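Engineer: Right, I'll just put the structure down here and ask away after.
The values are calculated or read from the model by the stated rules, or taken from the named source; none is laboratory data. Quantities reported herein were computed from a predicted structural model and do not represent experimental measurements. Cβ: placed from backbone, ideal geometry, glycine included. Neighbour counts: every protein chain shown.
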Amino acid sequence: MTERHDNKKINEQNRRLAGLYVHIPFCEKKCAYCDFYSLEAPQWTDAYLTALETEAFLTAQRHPGLLFDSVYIGGGTPSLLTPAQLDRLFDILTRHFSCLPGSEVTLEANPATLDCEKLSLLRERGVNRLSLGLQSASDRELKLLSRLHDYRSFLQTYRLASAYFQNISVDLMFGLPCQTRESFSETLSEVLALAPAHLSLYALKLEEGTPLSKKRGLFSFPDEDAFADIYLSACERLEDAGYKQYEISNFARQGFCSRHNLRYWKREEYLGFGPSAHSFIDGCRYANKRDLFGYCRSLSEGRFPERSEMTRLSPGDILEEEIFLPLRLAEGLDLSHLEEKTGYAMEKASCAKLLFYEKEGYMRLERGRTMPSDAHARTAPASLPPRCPEARERIERIALTPKGFLVSNAILADLLP
Ligand code: SF4
């Protein structure tokens, strides 16, 4: 992608930066836990690409002048596309959109669906980051999840992909059926031995209606203590191995944080394409309906696809997002910045709560200048007094610790006004 875009002589200064997400709604076989929108119907890929091109065309007309600095091709299983279909996908993106030189371009891949020909083509077309879904190194756990691959085939693909890409992210899951502290620890040891640039660690959520949720009674799952132990010990081991935890579920070696993912948590704009894809642009959040055939029909008639959600954010929504999203990040929330943007003085409103969460190890508080306490200082008041009586120093920034991340939903609900 990048080469052709470099040639467009983009006037970067006058362009608005955004992220671009493309959903590929096909999988060879559905995994037992998966609630993402994808169909076991790759025979519809060519028709889908035709519709995608129309959505790209209509969107480029509606939002002229956008310049993308991150592209994420996710799914579904984008690596299921044939080399010719991948080539066509990149032609579509290149025809309708411009990317900043050096943009991050990620493609999600299932280990069972990559080969040298595809890897070489992806690199040639500007992909510079590969996200590989492993989930577990235990074949027993992979089988219970109905994953297409076993650990051996993941390893083969990983080694092959390493010859083409330096920036590889590996997805792992915890809280799996029959998973133990020991089996997770072995998974982590296996992955750390490969030293990928980036690692994502997600907790399994049993989504209603998925085959795994229907069979939940048949399996033992890690109990609450084991679940917390697995997450906290993983955070520690990853830090010891040189990975910085920059978000609840994401860890990276120096220089390999995902720019595209950060965009979501920093409330930066992005456009999503394909059924179920979400967008955030011009203060509005919307998602395309989870309906491949409706999507293709609308676009064949030259209309935008139907949206399942469309929200123009109210001041209350914005305040919620300005609190909720930064607190997913390890760098946390700057309270002065929050007050400037929304008028909400969290330190004043929730001081006792913040001090409690700090005392109990759920939160780190970054403090500003000390309040004057001696005679001299009393004559020269500090310019930044605390904003609440309980704190002797101004609290400038708050951030959740790994222990806090484990119960982040409860803490965030407690802090929202
Ligand atoms: S490969 Fe990914 S998107 Fe496809 S069914 Fe499995 S988890 Fe879902």
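Engineer: For residues in the stretch 139-159 being in a loop (DSSP other than H, G, I, E, B) and modelled with pLDDT of 95 or more, which is farthest from the ligand (Cβ to nearest atom)? I'd like the intermediate steps shown before the answer.
Structural biologist: Looking only at the stretch 139-159, we keep the residues that are in a loop (DSSP other than H, G, I, E, B), and these are 145-150.
Next cut, modelled with pLDDT of 95 or more only: 145-147, 149-150.
Values: Leu145: 8, Ser146: 8, Arg147: 7, His149: 10, Asp150: 14 Å.
Filtering the stretch 139-159 for residues that are in a loop (DSSP other than H, G, I, E, B) and modelled with pLDDT of 95 or more, the one farthest from the ligand (Cβ to nearest atom) comes out as Asp150.
Engineer: From the list Arg152, Arg129, Arg147, Arg159, exactly one residue is assigned by TED's automatic domain parsing to the domain that holds Glu104, farther than 26 Å from Asp229 by Cβ, surrounded by 21 or more Cβ atoms within 10 Å (Cβ to Cβ) and in contact with a helix residue (DSSP H, G or I) (Cβ under 9 Å, 6 or more places away or on another chain). Which is it? Full working, then the answer.
Structural biologist: Working: Arg152 fails: surrounded by 21 or more Cβ atoms within 10 Å (Cβ to Cβ); Arg147 fails: farther than 26 Å from Asp229 by Cβ; Arg159 fails: surrounded by 21 or more Cβ atoms within 10 Å (Cβ to Cβ).
Among Arg152, Arg129, Arg147, Arg159, only Arg129 is assigned by TED's automatic domain parsing to the domain that holds Glu104, farther than 26 Å from Asp229 by Cβ, surrounded by 21 or more Cβ atoms within 10 Å (Cβ to Cβ) and in contact with a helix residue (DSSP H, G or I) (Cβ under 9 Å, 6 or more places away or on another chain).
Engineer: Could you tell me whether any residue of the stretch 35-54 is within 19 Å of Phe90 (Cα to Cα) and under 23 Å from the mean Cα position of the chain (by Cα)?
Structural biologist: Yes, some residue in the stretch 35-54 is within 19 Å of Phe90 (Cα to Cα) and under 23 Å from the mean Cα position of the chain (by Cα).
Engineer: Are there any pairs with C-beta distances below 6 angstrom linking a residue in the stretch 128-142 that is closer than 10 Å to Gln179 by Cα to a residue that is not in a strand (DSSP E or B), with the two at least 6 apart or on different chains, and if so which?
Structural biologist: Final answer for the pair search is Ser136/Leu142; Ser136/Thr187; Ser138/Ser183; Glu141/Leu176; Glu141/Gln179.
Engineer: Within 14 Å of the ligand (Cβ to nearest atom), in the same structural domain as Ala203 (by TED's automatic domain parsing) and within 25 Å of Arg259 (Cα to Cα), is that true of Thr77? Lay out the reasoning, then the answer.
Structural biologist: Numbers: within 14 Å of the ligand (Cβ to nearest atom): yes; in the same structural domain as Ala203 (by TED's automatic domain parsing): yes; within 25 Å of Arg259 (Cα to Cα): yes.
Yes; evaluated as a whole, the condition is true for this residue.
Engineer: Another one. Scanning the stretch 15-29 for residues that are in contact with a helix residue (DSSP H, G or I) (Cβ under 8 Å, 6 or more places away or on another chain) and under 24 Å from Arg297 (Cβ atoms), which turns out farthest from the ligand (Cβ to nearest atom)?
Structural biologist: It comes out as Leu20.
Engineer: Related question: Provide a single number: the residues in the stretch 35-50 that are under 15 Å from Leu86 (Cα atoms) and of a type outside the set (Val, Ile, Thr). Walk me through it before giving the result.
Structural biologist: Step one: list which residues in the stretch 35-50 are under 15 Å from Leu86 (Cα atoms), which gives 42-50.
Retained after the next criterion (residues that are of a type outside the set (Val, Ile, Thr)): 42-44, 46-49.
Summing the residues that are under 15 Å from Leu86 (Cα atoms) and of a type outside the set (Val, Ile, Thr) in the stretch 35-50 gives 7.
Engineer: Now for a separate question. Do we have Ala56 as under 27 Å from Gly283 (Cα atoms), outside any loop (DSSP other than H, G, I, E, B) and away from the ligand (no atom under 14 Å from the Cβ) here? Let's see the steps before the verdict.
Structural biologist: On the way: under 27 Å from Gly283 (Cα atoms): yes; outside any loop (DSSP other than H, G, I, E, B): yes; away from the ligand (no atom under 14 Å from the Cβ): yes.
Yes.
Engineer: Please enumerate the residues belonging to the stretch 318-334 that are part of a helix (DSSP H, G or I) and in contact with a strand residue (DSSP E or B) (Cβ under 7 Å, 6 or more places away or on another chain).
Structural biologist: Let us first name the residues in the stretch 318-334 that are part of a helix (DSSP H, G or I), namely 318-324, 326-328.
Listed by number, the residues that qualify are Ile323, Pro326, Leu327, Arg328.
Engineer: Could you check, for the stretch 291-302, whether at least one of its residues is in a helix (DSSP H, G or I) and among the basic types (Lys, Arg)?
Structural biologist: From the stretch 291-302, those in a helix (DSSP H, G or I) are 292-300; that's our starting set.
Add one more test, that the residue is among the basic types (Lys, Arg), and what stays is 297.
Yes, because at least one residue in the stretch 291-302 is in a helix (DSSP H, G or I) and among the basic types (Lys, Arg).
Engineer: How about the stretch 109-138: which of its residues are within 16 Å of the ligand (Cβ to nearest atom) and farther than 16 Å from Pro78 by Cα?
Structural biologist: Hits for the stretch 109-138 are Gln135, Ser136.
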